[in-house]
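Data block below; observations after.
The values are calculated or read from the model by the stated rules, or taken from the named source; none is laboratory data. A quick note: this is a predicted structure, and the numbers were derived from the prediction, not measured. Methodologically, a virtual Cβ is constructed for each residue, glycine included, from the backbone with ideal geometry; neighbour enumeration extends over all protein chains shown. Accessible surface is based on the protein model in full, side chains and every heavy atom, while ligands, DNA and RNA are left aside. Shrake-Rupley method; radii C 1.70, N 1.55, O 1.52, S 1.80 Å.
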Amino acid sequence: MLPLAIVSVFTGLFSNMQAYAYDTTATVSASYTYFMDQTNQVNDGVISYDDTPKNRWTAYESPNASDWVQTDFGSAVTRSSADLYLFDDGGGVKVPSNYKVQYWNGTAWADAASQTKSPAAPTGNQLNKVTFTAVSASKFRIVFTHQSGAKSGVSEISYGSDTSTDPPPTTPPGGTELQGTTSASYTFSSDSAAQANDGIISYNDSPRNRWTSYQSPNTTDWLQTDLSAASTVTQAQIYLFDDGGGVKSPASYNVQYWNGTAWVNAANQSKSPAAPAGNQVNTVTFTPVSTSKLRVVFTPQAGSSSGVTEINYFGTSDGTGTPGNYPEYQLSVVSPSYGASINGDITIKFYAPGMKNVWARSWHQPDTANPNTNGYDSWFARVTPDANGYGEVTFHANQFPHGPITVVLSSWDSEEGNSNFSHSDNCYLQLYNEGGVTWKQGIPSAPAQASGMSVLFQDDFAGPLSATRTGAGATYATAKPDAPNGTEFGDAIFADNSGANNPFAILGSQYLRIRASKAPAGTVDPMGWNRTYTGGLLSSVRTDGTGVAATYGYFEARILMPAGKGTWPAFWLMSQNSISQGVPSTAELDTVEAYGQDPSGACQAKHWWAGSPEMHETHCSSSNFTFGDNASTWHIYGTKITPTDTIYYIDNVEVWRHATFEQAKTPMYFMLNLALGGGWPIDLSRYNNQVDMFVDYVRVFQ
């Protein structure tokens, strides 16, 4: 399954950039490259530690103990340093145990002499700089020795003739990067103040990611960061943007902090480099200050404006924020607990520091005032949080549908009726309504797209779950069945239903729940990938190749997805003969892939992994839903395979189709899973590290 870029989060650090810093005209090759990555992205000038844009080389799944990435300049060049932006996703890709620079001496690869590294040990998701005795060669390479149980990765490699003795920017000792939100005195219409605090560093137009004051009428402009909690701040790292035209590095800049009543200059500011320098990091250290707001005031050069692609502040949280240190401009539910069973009237308690308006809503069955058969989004309560951000709403659960249900709490930092807000947030509170109104329960009649077919398999989860790791003696396998003991993917262990971390439950003899959660301390990853979450997968085919599969069939499931950064639920199909007959060219049809950081979206995809040629195509849209989104309410997802076309449906409405390729004309089986990650960053902290995927039924026609 291919992860799809929806959210932008990456935290690259740039070094002192000279003109040669990016080797974009050189040719790059590698000993091994994971099929979802690209070797040529290590010298394209874009640094990314995440998926928007996804831009990296990794040796993930490499059979080698070490791998190399080579840069071929085509003719001899003199180099004495290398900048490596090491990638580490904390799972299957981690910083190498060590690395070294080599050069081609005309007959063999030789280690560069006197290699000095900063930081001394490989450090992930930041610049690692190595200097060495200058050498003339046409080819250089980095040899990575992988950590046990992981492989290495890098977003960018550049070689230079470096004479600087300054170390690369790193997190100050004893400090951490502080989170916050940004605003500005003026922003050019094509730019965004928020992009100065999104983790993306780009001095290019693709991706264009920056704030500038271009065309500002002001003599100075400021860019402000409101921290999520009061903190002691010691350093700022400012990535100045300079296009050499209307936007140039400023004549000067000044870091200020809010002392509670006024803006004050940070004391003893020490800047490196001393003069503002464009298209690189400018580091400012100062006397520690305790504050919740900082800003940088830019004085532009005559005839130009100022710009930055990122500003980071470093220090430590004072622990003096809102009660419980709930993040500012985020709504956090205090009670009931996520995933709780409820009945009758319940009080939802929350904190939303900085927010002035909160609405609670949940999907409601049709009634006289709203007769649509699909129900409607009921905005049932509004509240203004108090000075600490605390608020309560009452949810009359008995008036809403029985079973798994989501209450969405939407918040803004402007008052009711004022659309001029700077911050907004949605929190998806998943609950199980033990009471409520019976609505859309049980398997419905066959839809039009199954006309002329018969039911081959159906499960409405009315009894105990029949599943084992391999599927032996059961209806389902709990692992992807293309190996004798099953295989896995993603950043959550697919736990077995017989173990201590069972992710499956049948609720009310009506619904399947698949839970992803933080693994208990001491949990051993069976794949050796050091994953720290568990999730779940059900396959209709066992590891011996037997089970439910249909040729030219229609596959359908009714699902309520989770929200949450890094959640990756899916209902998808693969070719049975890749297991039962050992056919290598596996077909995959993704009926739906969802990404919890954007519940409005849904994706469908086709893959022919070893086709000739290999085939991949993904279709994603936030307009596929005629009502609700994938986490606010239930939806029916289906795929119909015919000899000519493969057609995808959401709520019985066609959303995409493509020509049926050859191996998809063979028996296909289905999988239902709640995975995490797959290249995405995972942060389920707002949901107490627990999210659920619910399935009402699954069925197959043929």
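Table: residues versus (1) at pLDDT 95 or above; (2) hydrophobic (A, V, I, L, M, F, W, C).
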residue	(1), (2)
Ser305	yes, no
Gly315	no, no
Thr320	no, no
Pro327	no, no
Ile342	no, yes
Asp386	no, no
Phe395	yes, yes
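Could you grab me the full set of residues in the range 235-250 that are within 29 Å of the chain's Cα centre (by Cα) and farther than 14 Å from Gln280 by Cα? Gln235 - this is the single residue of the range 235-250 that is within 29 Å of the chain's Cα centre (by Cα) and farther than 14 Å from Gln280 by Cα. Residue count for the range 377-399 under the criterion of being within 32 Å of the chain's Cα centre (by Cα) and either touching a residue at least 40 places away in the same chain (Cβ under 8 Å) or open to solvent by less than 10 Å² (accessible area, probe 1.4 Å) (or both): the result is 8. Being among the aliphatic types (A, V, I, L, M), under 30 Å from Met355 (Cβ atoms) and outside any strand (DSSP E or B) is a condition met by at least one residue of the range 263-279.
Only one residue in Pro353, Pro371, Pro404 is open to solvent by 10 Å² or more (accessible area, probe 1.4 Å) and either at negative phi or not in a strand (DSSP E or B) (or both), so which one is that? Give the derivation first.
On the way: Pro353 fails: open to solvent by 10 Å² or more (accessible area, probe 1.4 Å); Pro404 fails: open to solvent by 10 Å² or more (accessible area, probe 1.4 Å).
None of the other options fit; the residue is Pro371.
With the condition kept exactly as written, say whether any residue in the range 632-654 is out of contact with any Lys or Arg (no Cβ under 8 Å at 6 or more places or on another chain), crowded, with 23+ Cβ neighbours inside 10 Å and of a type in the set (Asp, Glu). No, the conditions are met nowhere in the range 632-654. Looking only at residues in the range 475-489 that are of a type in the set (Ser, Thr, Tyr) and not in a loop (DSSP other than H, G, I, E, B), which one is nearest to the chain's Cα centre (by Cα)? This residue is Thr487. I'd like to know if the range 210-229 contains one or more residues that are at pLDDT below 80, assigned to a strand (DSSP E or B), under 26 Å from the mean Cα position of the chain (by Cα) and surrounded by fewer than 21 Cβ atoms within 10 Å (Cβ to Cβ). Yes, the conditions are met somewhere in the range 210-229. All conditions in (1) over 20 Å from the mean Cα position of the chain (by Cα); (2) part of a loop (DSSP other than H, G, I, E, B) hold for Val700, with the sole exception of (2).
Summed over the range 444-495, residues that are open to solvent by 30 Å² or more (accessible area, probe 1.4 Å), modelled with pLDDT of 95 or more and of a type in the set (Val, Ile, Thr) total 4. Taken over the range 191-209, the criterion of being open to solvent by less than 20 Å² (accessible area, probe 1.4 Å) and at pLDDT below 85 is satisfied by Gly199, Ile200, Ile201, Ser202, Asn209. Check whether at least one residue in the range 92-104 is in contact with a Pro (Cβ under 7 Å, 6 or more places away or on another chain), in a strand (DSSP E or B) and among the hydroxyl-bearing types (Ser, Thr, Tyr), and report yes or no. Yes: one or more hits.
Scanning the range 56-91 for residues that are hydrophobic (A, V, I, L, M, F, W, C) and outside any strand (DSSP E or B), we see that the one that is surrounded by the fewest Cβ atoms within 10 Å (Cβ to Cβ) is Ala65. Within the range 494-509, identify whether any single residue is farther than 30 Å from Ser451 by Cβ, of a type in the set (Val, Ile, Thr) and in contact (Cβ under 8 Å) with a residue 60 or more places away in the chain, and answer yes or no. No, the range 494-509 contains no residue that is farther than 30 Å from Ser451 by Cβ, of a type in the set (Val, Ile, Thr) and in contact (Cβ under 8 Å) with a residue 60 or more places away in the chain.
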